[in-house]
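Peer 1: Take a look at this one; I'll ask things after.
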Amino acid sequence: MSNGTAVAAAIAQAIKASGAIVRILPEDFSAIVDRVDQPLVVISVSRFLGTRYNYLTSYKGLIFYTKSTQQLLLKGDTEYVTAQSIYIPQ
């Protein structure tokens, strides 16, 4: 198996393992979090070439992801899990 084939296979496996990840705008992410009772949000902060906040949450079986240069203000009962990093397959 060539190196390129191995990489493609690894990416395909990562997508299968993670399920459907939907990338949305920060304002749409906030709207989804507002729909959930006791939402759980995973957040990571990247400081390479400026600060970037990455967010994940699930809703109706899908995983929603967004990134923002500013911290999102989510509703008060949101539970946060801080991750060292979030990797989203391309």
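Peer 1: Every residue in segment 12-25 that is exposed (fewer than 12 other Cβ atoms within 10 Å of the Cβ), aliphatic (A, V, I, L, M) and at pLDDT below 95, please.
Peer 2: Across segment 12-25, the qualifying residues are Ala12, Ala17, Ala20.
Peer 1: If a residue must be surrounded by 15 or more Cβ atoms within 10 Å (Cβ to Cβ) and closer than 16 Å to Ile21 by Cβ, how many such residues does segment 41-84 contain?
Peer 2: Residues flagged as surrounded by 15 or more Cβ atoms within 10 Å (Cβ to Cβ) and closer than 16 Å to Ile21 by Cβ within segment 41-84 amount to 14.
Peer 1: I've got another one for you. Restricting to segment 36-55, give me the number of residues that are charged (D, E, K, R) and either over 15 Å from Glu79 (Cα atoms) or at pLDDT 95 or above (or both). Don't jump to the end; show me each part of the working.
Peer 2: Filtering segment 36-55 for residues charged (D, E, K, R) gives 37, 47, 52.
Checking which are either over 15 Å from Glu79 (Cα atoms) or at pLDDT 95 or above (or both) leaves us with 47, 52.
Counting residues in segment 36-55 that are charged (D, E, K, R) and either over 15 Å from Glu79 (Cα atoms) or at pLDDT 95 or above (or both) gives 2.
Peer 1: Going residue by residue through segment 42-59, is there one that turns out to be in a strand (DSSP E or B), within 19 Å of Pro89 (Cα to Cα), in contact with an Asp or Glu (Cβ under 9 Å, 6 or more places away or on another chain) and among the β-branched types (Val, Ile, Thr)?
Peer 2: no
Peer 1: Scan (1) surrounded by 12 or more Cβ atoms within 10 Å (Cβ to Cβ); (2) within 13 Å of Ser85 (Cα to Cα); (3) free of Cβ contacts under 8 Å to residues at least 40 places away in the same chain for the single condition Asp28 breaks and write down its number.
Peer 2: (2)
Peer 1: How many of the residues in segment 56-69 are more than 8 Å from the chain's Cα centre (by Cα) and either of a type in the set (Asp, Glu) or at pLDDT 95 or above (or both)?
Peer 2: 2
The values are calculated or read from the model by the stated rules, or taken from the named source; none is laboratory data. The model shown is predicted, which means the values in this text are computed figures rather than measured ones. Here the Cβ is made from the backbone with ideal geometry for all residues, glycine too, and neighbour counts use every protein chain on show.
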